[in-house]
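Where a number appears in this text, it was derived from the coordinates with a stated rule and is not lab data. What you see is a predicted model, and the numbers here were worked out from it, not measured in a lab. Virtual Cβ from ideal backbone geometry, glycine too; neighbours counted across all protein chains shown.
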Amino acid sequence: MKPFSISLGGEFEKMKYDFDKIIDRKNTDCYKWDYLKEIFTTDDVLPLWVADLDFAPPPKILKAIENRAKHPIYGYTFHPQNYYSSFINWHKKRFDCNIDSDWIIHNPSIVTGFNLIIQNFTQRNDKILIFTPVYTPFYDAINLNERQLITSELQIRQKQYEIDFDDLEMKLKNDVKMILFCSPHNPIGRVWKKSELIKIVELCERYNVFLVSDEIHADIVFENKRNIPLVSFSTKLEKFISLHSPAKTFGISGITNSIAVIPNKILRTQFSDTLKKLHWESGNIFGLLAFEAAYSSDENWLEQLLEYLYENYLFVKNELLKKCPEIVSFNLEGTYLMWLDFRNFGLTQEKLIKKLVYEAKLGFSDGTIYGKDGTGFMRMNIACPRSILKKAVKQLVNNFK
Ligand SMILES: Cc1ncc(COP(=O)(O)O)c(C=O)c1O
């Protein structure tokens with residue numbers, strides 16, 4: 001049940017963090033709690049949708065921001081060396097992965113990053129492949145940039161999603177230029193195995209396909225699963241970029257800042273020239289500080305967060321098994337997003353959403369925004385205090401059993 005082991009240390013080593021504490025986020029212009037009417041047509045739902053935490057970040061982040069806010073001048077700011085080294089050290093410590101400091105480029109946000117990559121390294125009508133169901137902006141990035149969307153549907157085998165490698169190879173053979181990969185995968189909660197990653201890399205190498213890996217969920221990994229950054233295999237691939245950010249792990253999406261790892265010098269220069277043209281090379285002061293503080297913060301906070309999230313997951317899974325087994329949940333290997341299968345009820349998606357919103361009074365993410373293979377499914381964000389989760393599960397079970 002324990003997440004994989006890590007070394008502890010630093011001033012917060014023995015601190016016990018209180019994830020049960022309810023922090024009222026209402027009236028902070030927060031999407032999750034203040035934007036309900038726009039998303040669900042009513043304010044009267046318990047929100048378990050958009051992927052951010054209802055928990056305070058580690059004290060180091062709060063302190064860094066508070067201290068800087070006290071200084072009254074917020075002028076132009078550069079990326080200090082510690083910004084990069086915090087990220088490099090984190091990857092070494094958490095994933096035993098070596099990243100060369102030359103490979104790292106500032107990137108405003110992950111979604112901005114993969115849009116810029118598509119614009120820079122593919123042409124109009126080029127084929128770009130994604131594994132579905134997947135995070136909605138993957139579709140938007142391909143469609144809005146007028147590239148051809150190629151999907152490879154993940155297959156449910158033995159109650160778990162898997163890549164259909166035969167389908168993938170058939171599609172790659174047919175002139176796919178790029179794969180937009182999500183690792184770990186939102187919304188189905190898979191942490192890809194080494195053998196799966198190796199196969200993807202080999203196929204990209206064989207068919208000369210550009211591999212782009214969105215690793216925003218890298219730190220949220222449970223049990224004996226281990227996240228393997230794809231850059232570990234990058235020497236095999238000339239055309240490879242991975243995108244990283246502390247936003248999901250540390251609950252700092254509102255001051256987001258990210259990084260692109262680009263081992264190939266030609267691609268790196270092209271990407272940084274684009275940022276230059278857009279005058280996008282520097283970040284926001286608080287985003288920079290939060291990034292550095294996050295990646296040099298207390299790993300003990302993260303360990304406790306992982307334990308809390310995993311217990312949240314077990315709670316939902318067991319309650320559903322006991323009280324409403326018709327709602328099927330998948331093993332959560334990573335992310336704090338549970339993927340729930342409601343197909344046993346035989347409802348249309350519209351009726352399912354209406355029942356959830358108006359009867360159970362729950363705000364989940366509609367499975368179909370992740371692809372047509374999300375029909376009959378909903379995504380539930382479990383990164384909230386247990387008392388809220390218990391209330392949500394009760395409402396769910398009472399209305400579906
Ligand atoms: C897979 C994935 N990528 C990217 C993002 C958002 O990243 P950013 O805010 O840095 O653009 C999310 C947010 O939920 C996500 O799940």
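The table below gives the values:
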{"item": "Choice from Pro263, Pro80, Pro59 with maximal GNM fluctuation in the chain (Cα, 10 Å cutoff)", "result": "Pro80"}
{"item": "Dipole in debye (nearest 20) - the chain, about Cα centre, beta carbon charges: Lys, Arg +1; Asp, Glu -1", "result": "460 debye"}
{"item": "Tail fraction, Cα-Cα pairs, segment 74-295, threshold 28 Å, whole percent", "result": "25 percent"}
{"item": "Of Asn82, Asn331, Asn344, the one that fluctuates the most in a GNM where the chain has Cα springs shorter than 10 Å", "result": "Asn344"}
{"item": "For the chain: rounded, prolate or oblate by the Cα gyration tensor [a/c cutoff 1.5]", "result": "oblate"}
{"item": "Residue among Ser296, Ser101, Ser213 with the largest mean-square fluctuation in a Gaussian network model of the chain, springs linking Cα atoms under 10 Å", "result": "Ser101"}
{"item": "Whole-number percent relative contact order across segment 74-295, with pairs defined as alpha carbons under 8 Å at least 6 apart", "result": "26 percent"}
{"item": "Virtual spin-label span in nm between Glu205 and Asn143, 7 Å along Cα→Cβ", "result": "3.6 nm"}
{"item": "Long-range HN-HN contacts of Lys127 with modeled amide H, under 5 Å", "result": "Gln148, Lys177"}
{"item": "Along each principal axis, Cα extent of segment 185-246, largest first, Å", "result": "33, 23, 20"}
{"item": "Quarter of Cα convex hull surface for segment 15-70, i.e. mean projection, nm²", "result": "5.1 nm²"}
{"item": "Part-to-part distance (alpha-carbon centres) for segment 55-84 and segment 218-246, which is given in Å", "result": "27 Å"}
{"item": "Set of lysines with alpha-carbon distance to Lys248 below 17 Å, sequence-local pairs under 8 removed", "result": "Lys32, Lys60"}
{"item": "Vicinal HN-Hα couplings computed from phi for segment 276-286 (Karplus, 6.51 cos²θ - 1.76 cosθ + 1.60; Hz; Gly/Pro x)", "result": "4, 4, 8, 6, 10, 7, 9, x, 7, 3, 6"}
{"item": "Ordering of 70-76, 333-339 by burial proxy (mean other Cβ atoms within 10 Å per residue, highest first)", "result": "333-339, 70-76"}
{"item": "When each of Lys14/Lys401; Lys173/Lys276; Lys63/Lys194; Lys14/Lys92 is checked by Cα-Cα distance, pairs over 31 Å", "result": "Lys14/Lys401; Lys173/Lys276; Lys63/Lys194"}
{"item": "Debye intensity ratio I(q)/I(0), log10, segment 330-389, q values 0.12, 0.15, 0.26 Å⁻¹ (C-alpha model)", "result": "-0.29, -0.46, -1.18"}
{"item": "Percentage relative contact order, the chain, counting C-alpha pairs under 8 Å, at least six apart", "result": "25 percent"}
{"item": "Helical mean residue ellipticity (222 nm; -39500 (n - 2.57) per DSSP H run of 4+; nearest 500) of the chain", "result": "-11500 deg cm²/dmol"}
{"item": "Residue-by-residue Karplus 3J(HN,Hα) for segment 305-316, coefficients 6.51, -1.76, 1.60, Hz, glycine and proline x", "result": "4, 4, 5, 5, 5, 5, 5, 4, 4, 4, 4, 4"}
{"item": "Fraction of antiparallel bridges per DSSP, the chain only, in percent to nearest 5", "result": "50 percent"}
